[in-house]
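Inspection log for the structure reproduced underneath, given as structure tokens.
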Amino acid sequence: MKTIEPGTEAPPTILTGNQAAAWGAFLSRVQVVSAYPITPQTTVIETLADLTARADWPNRFVNVESEHSAMAVCIGASYGGVRTFTATSSQGLALMHELLHWAAGGRLPVVLVDVNRAMAPGWSIWTDQQDSLSQRDTGWAQFYCSSVQDILDHVILAFRMAEEASVPVMVVEDAFVLSHTAEAVSLPAPAEVDRFLPPRRPAFSLDVEKPRAFGGLLGPDWYQEVRKDLHESLLRLGDAAPRIYGEWERLTGRSYAPVEAWGVEDADVVLLTSGAVSSTAREVVATLRARRKRVGLVQVRMFRPFPGERLREVLRGVPKVAVLDRNCSFGHHGIFHQELKSALYSMEAAERPRIYGYVLGLGGRDVGPRALQEVVRLTEVREAPEPETTWIGAVLPEGPEQEHEEGVR
């Protein structure tokens, strides 16, 4: 196959989310790809296998026997100083769990795309956020995408952020809703990406001429300091994200932010969302505002590091916030709900919103406009969030004729 060189081949304009993730890695000139297929991630790796076979730079595509090995390959290659990438979903990400800590603790800028898929049992191939959010304390940055273009751009952005901060980055997309849905996208020219993302230049790497040890034993005198440095590096990534987004906007014309807000200034109720449901929520907010309902929207794109300061700024003085969680920290709340409560706790009581939690859309249950309008209605009619968490559409069916309709019964 011929190589793909800048300016020699017209780029595609219609891609699925998984194809977009593969193109993002390819345009980032990834050098080592470790591959283990799992539904619904498989087409990320299939597309990237084809693209890297046509690349005009040295690269290795490594087939492995498990997701645990896939991350091990990324770790070894990253220690070797090269740009590395893999993708997974659900049980595969869970199997990687041990090595996610090794990548973060080793300060390795690995980029991973997780195609959100519900955890088993019961067995499911459909979307919710339980897999990625279960890894929130491993030391990885996490970004939740809401469109196919968002996915493509964020893989490239992830390499830039990871290599600048020396931390691994997870780019997250919804199974099937984004992964297998085709949208019109704009691919940046390879030369533009090269200017934005120069070759990786690690401070330390495996070198037979300059032997070093990596990941060795740390005694109590040093372990805490190393962990503090990882924590502070993630915080610095959060501070750097707006600057890096600004550079990307100047290059491509496309703007992003860790937190994005619409119609919040005069809102009585604000929906707080992440992932693909954010796109549906924007349409719902526009519809309700056309009916003179004062409803706003806040989309949280960056989950780790958590953008608490920005959320305090955006939500100060808002009466009510309805948090939509496609996940659950069982025995507590939805995870974005509990994170927001923590972030807003230090605010003055008069300025702090009342937070209403909603769990919905688990296991691929559809989250359509009617479900979101129901969330708004329930938030409007309740003076206080009692109970704090409401499950939308989780009533057990009365008989086989009972059917779901857009997440609401």
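Any read-out appearing in this document is the output of simple, stated calculations on the displayed coordinates, not a laboratory observation. Only a predicted model underlies this, so the values are computations on that prediction, with no experimental measurement involved. As a convention, Cβ positions derive from the backbone with ideal geometry for all residues, glycine included, and neighbour counts pool all protein chains shown.
From the largest down, segment 14-252 spans 52, 46, 34 angstrom on the principal axes of its Cα atoms. Each label was represented as a point 7 Å from its Cα along the Cα-to-Cβ direction; for Leu251 and Ala189 these points are 1.4 nm apart. When the alpha carbon gyration tensor of the chain is reduced to an equivalent ellipsoid, its three semi-axes come out at 36, 24, 21 angstrom, largest first.
Taking the helices alone, the chain has a mean residue ellipticity at 222 nm of -12000 deg cm²/dmol, built from -39,500 (n - 2.57) per DSSP H run of at least 4 residues and averaged over all its residues. Take the chain and mark each of the chymotrypsin sites (Phe, Trp or Tyr not before Pro) that is in a DSSP loop with at most 15 other Cβ atoms within 10 Å; the longest unmarked stretch, sites excluded, is 1-122.
Within the listed set Pro258, Pro385, Pro220, the residue fluctuating most in the Gaussian network model of the chain (springs between alpha-carbon atoms under 10 angstrom) is Pro220.
Projected onto planes of every orientation and averaged, the convex hull of the alpha-carbon atoms in segment 123-275 covers 14.3 nm².
What are the equivalent ellipsoid semi-axes of segment 280-343, built from the alpha-carbon gyration tensor (square roots of five times its eigenvalues), in whole angstrom, biggest first? Intermediate results must be reported in sequence, preceding the final value.
Numbers: eigenvalues 103, 44, 25 Å².
Those come to 23, 15, 11 Å.
A full extension of the chain between Arg316 and Glu209 corresponds to an added length of 32.9 nm, given 0.36 nm per residue minus the alpha carbon distance.
For the chain, modelled as a GNM whose springs connect Cα atoms under 10 angstrom apart, the maximal fluctuation among Arg200, Arg301, Arg365 occurs at Arg200. Extent along the principal axes, Cα only, for segment 61-119: 34, 24, 16 Å, with the longest axis given first. With both bridge residues required to lie in the chain, what share of the DSSP beta bridges run antiparallel, to the nearest 5%? So the antiparallel bridges amount to about 20 percent of the total.
Among Lys210, Lys320, Lys341, the residue with the largest mean-square fluctuation in a Gaussian network model of the chain, with springs joining Cα atoms closer than 10 Å, is Lys210.
Beyond 22 Å, what share of the Cα-Cα pairs of segment 259-391 is found? Please give it as a whole percent. List each step's numbers first, then the result.
Working: 2463 of 8778 pairs.
So the portion of pairs separated by more than 22 Å is 28 percent.
Using the Cβ-Cβ distance between Ala286 and Glu351 with R0 set to 25 Å, the FRET efficiency works out to roughly 0.40. If you count the DSSP beta bridges with both ends in segment 259-391, what percent of them are antiparallel, to the nearest 5? If we restrict to bridges inside segment 259-391, about 20 percent are antiparallel. For Val62, the residues 5 or more places off, or on other chains, whose built amide H falls under 5 Å of its own are Val33, Ser34, Ala35. Couplings 3J(HN,Hα) of segment 336-352, computed from phi: 5, 4, 5, 5, 5, 4, 4, 5, 8, 4, 7, 6, 4, 4, 5, 9, 8 Hz, in residue order, whole Hz [Karplus 6.51 cos²θ - 1.76 cosθ + 1.60, θ = phi - 60°; x for Gly and Pro].
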